[in-house]
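Have a look at the structure below, then the notes.
Every read-out reported here was derived from the displayed coordinates using simple, explicitly stated rules and does not represent laboratory data. Since this is a predicted model, take the numbers as computed values, not measurements. We place every Cβ from the backbone using ideal geometry, glycine too, and count neighbours over all the protein chains shown.
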Amino acid sequence: MPRMLDVSDAVRAEIGDEEADRLLAGDNAPGSYDCTSCRTPGDSEQERTSTVLFVGDETAVLAFAHAGCLPSQVVQVTEEQLQGAVRSIGGTGGDLAGTAPHRAVAEQAVLGVTSGLVLIEGELHPALVVEPTSPIVRPGTAGPGDDFLPLLVEQGFLPVSRLVSVPPVLHGWSVLLAVGQLHAVLQPGPGGGQPVAWWQAHQPLQVTDGWRAAANKHQQVLLFAAPVGSIGRQPREDLLRDALDKAAANGLLVAAALPLAGT
């Protein structure tokens, strides 16, 4: 039976016309599946479904998602990330409770990334809080100084003095949430090309069910950034919010709303 599948040109180019046609005809596509983004059940016979191809160094895995959660796309990952995705698809992955602090390397600076829910205007929003572990200077210069916030303001992030409203959407940037896990924060590519990773996890990062549900509800993630020493490693969301409020009051916080998943 034909499936209500979306197969993007990029996915078709990777898997070939013959395999893509078989999927659309229902030969190789499952009827029911767990969405690779929100991890809830889907049915490709009853609702529009995206094909998402994870491509590693040597292997590739085809997954399925609600069309409203992710567009059909090719996601380039490392072989280690791909194996993590396979384990998650197989149901062996678990979620961590509370906030989830992570570390990853972005060019020459190490960024601390914490996921948590932030209450704004009476509603919970998924948030990522980014804080470097050391001062960041403008490329091509040598310290002293910390240009982290000015560099982000030049990219379109806005200073925040109080957390009373949702920041505007920063188009061209996005947060890649796939296989129910956090993969990367993407920024516009040079010359308007394909998005590139501003921050990328060494391996897919777990987020809580509540965070993932809020992300899929709003279809965007709030990204807050502060210079080193402004936020710290906060074990609970209430303490994280207190640290955000303090950083904002001290003029040390910028923010933007980033669409969920890249296009």
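Over the Cα atoms of the stretch 100-259, Rg to Rh with Kirkwood Rh, two decimal places?
0.93
What distance in nm separates the two pseudo spin-label positions at ASP238 and GLU154, each 7 Å out from Cα along the beta-carbon direction?
Here the modelled spin labels are 4.1 nm apart.
Taking other Cβ within 10 Å of each residue's Cβ, how do GLU123, GLU18 sort, fewest first?
GLU18, GLU123
Hey, fewest Cβ within 10 Å first, where do VAL118, VAL164, VAL254 land in order?
Ranking VAL118, VAL164, VAL254 by Cβ neighbours within 10 Å, fewest first, gives VAL164, VAL118, VAL254.
Restricting to the stretch 100-259, what percent of DSSP beta bridges are antiparallel, rounded to 5?
Of those bridges, close to 90 percent are antiparallel.
Could you tell me the calculated FRET efficiency between LYS217 and ALA13, based on Cβ-Cβ distance and R0 = 41 angstrom, to the nearest 0.05?
Computed FRET efficiency for LYS217 and ALA13: 0.80.
Would you list the P(r) distribution for the stretch 7-55, with all Cα-Cα distances sorted into 5 Å bins from 0 and each bin expressed as a whole %?
P(r) for the stretch 7-55, in whole percents per bin: 4, 20, 31, 25, 17, 3.
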